Amino acid sequence: MKHSKMKKVLSATVALMMIGASIPLTVNAAGFDWSGFAGGFGTTGNENIGSDAGNGGNAQSGLNAKIKNDMPTTVPGGVEQTSRCKVENKTYYCKFTGKNKKCNVILPPNYNSNKKYPVMFVLHGIMGSENDMVSGMGVQELMTGLMSSGKAEEFIVVTPNMFTSKTMNGPSGINEQTCKEYDNFLYDVTESLLPYIKENYSVKEGRENTAITGFSMGGREAIYCGLMRPDVFGYVGGACPAPGITPGKDNFMTHPGCMQESEMKFRNVGPEPEVFMITGGTNDGVVGTFPQQYSQILTRNGVNHVYQSIPGGGHDANSVKPHLYTFMRYAFKKGDGTSSGGGSEEIKPIEPDQNGWYFHCGFEGTSDGFTGRGSASVASSSDTASAGSSSLYVSGRQSAWNGASYTLDSTTFKAGNAYSFSAMVSYLSGDATDKFHFTMQYTDASGTTNYTKIATETVSKGKWVQLANKNFTIPAGASNVQIYVETDSSTTSFYVDEVVGAPAGTTINANGNNGGSTNPYQPEYTYPQNIKVNYSTQYHQVQFTWSAVPNAQNYGIAVYLAGKWRIQTQSISGSTTSYVTPKNLTPGMSYKVAIAAKVNGKWDVNNAIKNAVTVTVR
């Protein structure tokens, strides 16, 4: 029996056994598979399970009323796209527990630190961790698809570990103590986690730019946090929310409740959220009818909300994905459906780097935001490279247009303006020569998709050839602009490297071996410059930022202690130009710090030391 089917059978069997016994149980953590409760039981989340959207709650106005008429019970085909998000695992200090905790930060495609983004917290189920909602529930795929199509605002997602205990390292099962520790997440997210995100990422401030939702226990906690702190969360949701917000009894335990039914309303500390959405599946054998019961209590209390029922939906992605599809589309919008950003914030275009480039994709261990077109798959490969040690391998092509695609940042690359574009291409098997195209796809003012060639070259097998045009004009009225590499007629697998976008007229040298002639790019410097220091007096820590070094593979930090340079880390990604020290350094202590770069396999230590900075902890 397949593992996913086994989990479904197990969850159904446990539910039936406890319903038949009609007694509350306290379940121990040991010896039981909790994965379905934490991140959903096995399913694609796209089964055809019906079209009844439920009673819609009591929403009569605002975004909730709009959602009531626009909440499909399955995600429309083609919406989910291969993720182009970046996931960063972070450690932060929780004031409530006095301990460090983990979270994942999911950055949207084409994340630009010069632009500020709203933040959405997506919470896991019981016995889960910060990793459970990162994959399997469509979070990244929906972010990529909805944002690239303009159907959702661009935002950052944070998936935390909700368990917040001063005395326990993890939950002991479904019991009253475990539930209380999960409820403590209210203090963690408002006092520690949200401030950490604001301090370390480019985010918009205010409740109108902060959303929270979750699955199962995460749905319960998202609703609880939203009810208690509407001054913090302007958009609140919950998919298959677990019991326990109000007193009740399920097949696991008797819940004392976080509040009485009459108290299940927003606290008078801020305006009610623009969105309050609860989703439940009619075939959920874990939380049963509690989602619907919550909706009924909210209706009796006169709380404006929308309720979505998924016919046949279980405790799985079949219920969660439709919830996220609608919640993500309506989050960070005002009651009239427009952006909540207020229009006062200027979104700054990307500034050219030290080379004069807007972007540079070198594919050193990452796809750098590129995705496959059609049947094509893309992945970083060390088979061959124009520069550095890796390139982007494009395989699985069934048609000539199946290639590697990259979405241009709309704040920087404007319709009607000219720019310089370059990409290196090669292939290792097939005919002796092949014709390659560097192509732009865009949507014109009428909504029609169009294509235009940036550059075309014939490539010899085993050689690297540059596709470049230093004065290419993006057609007037163009939107949703993408660049991609394709072949003229073949379906051979190929490699792409050193993709660059720059201001018009910029000559971008061919990196590496171009058709047999050597023209390597030599960077002007091989060590970080423009080092800047930021201090946190609250946490007694220091942040360093620096200018990107061309073709940097890694960065390293060294501190001068007791007459010697001592390495603190040498594994900072070459795509990262900042470093934050641990917290609680000794105030008043001074340190001499050097930041080095690894370029073409070599560390430039001497210049890094010459460029060292001295900092004093505040």
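One residue alone among Val158, Val189 is part of a strand (DSSP E or B) and assigned by the TED database to the domain that holds Gly226, and that residue is Val158. Considering only region 220-228, I want to know if a residue exists there that is of a type in the set (D, E, K, R) and closer than 21 Å to Ser129 by Cβ. Yes; the residues of region 220-228 include at least one that is of a type in the set (D, E, K, R) and closer than 21 Å to Ser129 by Cβ.
Conditions (1) open to solvent by less than 40 Å² (accessible area, probe 1.4 Å); (2) modelled with pLDDT under 85, marked per residue:
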{"position": "Ile508", "(1), (2)": "yes, no"}
{"position": "Gly516", "(1), (2)": "no, yes"}
{"position": "Val542", "(1), (2)": "yes, no"}
{"position": "Pro550", "(1), (2)": "yes, yes"}
{"position": "Arg618", "(1), (2)": "no, yes"}
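Of the residues making up region 94-144, those that are among the hydroxyl-bearing types (Ser, Thr, Tyr), outside any loop (DSSP other than H, G, I, E, B) and farther than 23 Å from Gly234 by Cβ number 1. Taking every residue in region 195-219 that is farther than 12 Å from Ile278 by Cα and pairing it with any residue that is polar (S, T, N, Q) and open to solvent by 30 Å² or more (accessible area, probe 1.4 Å), at least 6 positions away or on another chain, the pairs with Cβ-Cβ distances below 8 Å are Ser202/Ser113; Ser202/Asn114. Taking (1) at pLDDT 95 or above; (2) closer than 21 Å to Ser399 by Cα in turn, Phe421 satisfies each apart from (2).
Within region 200-254, restricting attention to residues that are open to solvent by 10 Å² or more (accessible area, probe 1.4 Å) and of a type in the set (Lys, Arg), the residue that is nearest to the chain's Cα centre (by Cα) is Lys204. Among the residues of region 258-281, those that are crowded, with 18+ Cβ neighbours inside 10 Å and touching an Asp or Glu at 6+ places or on another chain (Cβ under 9 Å) comprise Cys258, Phe266, Glu274, Gly281.
The rows are residues; the columns are (1) open to solvent by 50 Å² or more (accessible area, probe 1.4 Å); (2) assigned to a loop (DSSP other than H, G, I, E, B); (3) of a type outside the set (D, E, K, R); (4) modelled with pLDDT under 85.
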position: Pro24; (1), (2), (3), (4): yes, yes, yes, yes
position: Gly45; (1), (2), (3), (4): no, yes, yes, yes
position: Ser51; (1), (2), (3), (4): yes, yes, yes, yes
position: Val79; (1), (2), (3), (4): no, yes, yes, no
position: Thr91; (1), (2), (3), (4): yes, no, yes, no
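Residue-by-condition table, conditions (1) under 27 Å from Asn100 (Cβ atoms); (2) of a type in the set (Lys, Arg); (3) in a strand (DSSP E or B):
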residue: Gln553; (1), (2), (3): no, no, yes
residue: Ala558; (1), (2), (3): yes, no, yes
residue: Arg566; (1), (2), (3): yes, yes, yes
residue: Pro582; (1), (2), (3): yes, no, no
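Just one residue in the set Glu457, Glu486 is in the same structural domain as Ser377 (by the TED database), of a type in the set (D, E, K, R) and open to solvent by less than 70 Å² (accessible area, probe 1.4 Å); that residue is Glu486.
The values are calculated or read from the model by the stated rules, or taken from the named source; none is laboratory data. All values reported here derive from a predicted model rather than from experimental measurement. Note that we place each Cβ from the backbone using ideal geometry, even for glycine, and neighbour counts take in every protein chain shown. The area values use the complete protein model at the heavy-atom level, side chains included, leaving out ligands, DNA and RNA. Shrake-Rupley method; radii C 1.70, N 1.55, O 1.52, S 1.80 Å.
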